1. Considering only region 54-146, give the helices (runs of 4 or more DSSP H) lying wholly within it that have at least 3 residues that are modelled with pLDDT under 90.
2. Going by the structure shown, is residue 218 within 22 Å of the chain's Cα centre (by Cα), assigned to a helix (DSSP H, G or I) and in contact (Cβ under 8 Å) with a residue 60 or more places away in the chain?
3. Do we have any residue at all in region 199-207 that's surrounded by 14 or more Cβ atoms within 10 Å (Cβ to Cβ) and farther than 24 Å from residue 59 by Cβ?
4. Would region 325-345 turn up any residue that is farther than 30 Å from residue 96 by Cα, without any contact (Cβ under 8 Å) to a residue 40 or more places away in the chain and assigned to a loop (DSSP other than H, G, I, E, B)?
5. What number of residues within region 253-267 are free of Cβ contacts under 8 Å to residues at least 60 places away in the same chain, part of a helix (DSSP H, G or I) and surrounded by fewer than 18 Cβ atoms within 10 Å (Cβ to Cβ)?
6. If you go through region 268-292 one residue at a time, how many are without any contact (Cβ under 8 Å) to a residue 60 or more places away in the chain and either outside the structural domain of residue 234 (by TED's automatic domain parsing) or within 25 Å of the chain's Cα centre (by Cα) (or both)?
7. Residue by residue through region 274-285, note down the ones that are modelled with pLDDT of 95 or more and surrounded by fewer than 18 Cβ atoms within 10 Å (Cβ to Cβ).
8. Looking at this structure, is residue 102 assigned by TED's automatic domain parsing to the domain that holds residue 195, exposed (fewer than 15 other Cβ atoms within 10 Å of the Cβ) and either under 21 Å from residue 148 (Cα atoms) or within 9 Å of the chain's Cα centre (by Cα) (or both)?
């Protein structure tokens, strides 16, 4: 029986070999150019983060800037902000956190989504609506793949940068994520550095004794809040708070005791406030609160809570002494006059609250008086 003969491989034609090699070289060249373009985009984005000198600008670069840079329809940023530090710094720069829809601030690390809570490196893959919908803050059905980039500082998760693409193959678990990981790390470092810089900028606008804003800050901020109230037709209210018989504290217990009282008053007042409320040490023992999106009724209720918080418990002094303190509070709300400038409206609002405070002190102290009108 004859064995079956198999054809012997014939050598390829040299011209065909050259053609195949040229095709392969062209593909490698195109891949190299593509990688070079990707590297350039990452480098440009890193430089923009590293050279950023303000918190609002940095947050914009990390969201809108990256959208444009990487041609992505969806990018969100989730940041841990346990002490509301970042939100307070934004308000110092006249930026309201609610005006940044692509950024979410968390009060606790436990609020991180399960999908990112324990991430130590980027996770790339297909979009799963039930896992990723809240991360990208959208119910869009056209997302194909996602990249979740944890932002770590000293081994702790401080934020997460989330990218969504319509292309299901844009982000896959087979893709290298070194550049994305580096970008997230640089973002975390820049966020910390810019926050520190903002603290230095506002130090000249802060009262050293109480840690509250000072009168200079009020002058800068009030007209902006009035313009915002006028633009969006939101209420804006004001409280003037004065410590009753404070001169007797200094006379009978010394100025150090007076400083302790003022610090404790500032603390008790601050504990009653929202992140968007503006607390000012107006001068001496007098404090001013500017309350955005707060009606006259809400402001008077807040004033009563503050009054009770102060009077409820004596303030401890040195040598195991305690001092009972009360406050008088005047409340006013802004009435809009189209012909007025923001500065004029602000002065009228403050004067109205100050007059109500004067009435509170004249009618017995330790009480709240609401201004009848700020016209």
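1. Once the helices (runs of 4 or more DSSP H) in region 54-146 are filtered for at least 3 residues that are modelled with pLDDT under 90, what remains is 66-70, 85-92.
2. yes
3. Looking for residues that are surrounded by 14 or more Cβ atoms within 10 Å (Cβ to Cβ) and farther than 24 Å from residue 59 by Cβ, one finds at least one in region 199-207, hence yes.
4. No, region 325-345 contains no residue that is farther than 30 Å from residue 96 by Cα, without any contact (Cβ under 8 Å) to a residue 40 or more places away in the chain and assigned to a loop (DSSP other than H, G, I, E, B).
5. 4
6. 10
7. None; the set is empty.
8. No.
The values are calculated or read from the model by the stated rules, or taken from the named source; none is laboratory data. Worth saying up front: this structure is predicted, and the values here are computed from it rather than measured. Positions of Cβ are generated from backbone atoms using ideal geometry, with glycine treated the same way; all protein chains shown enter the neighbour counts.
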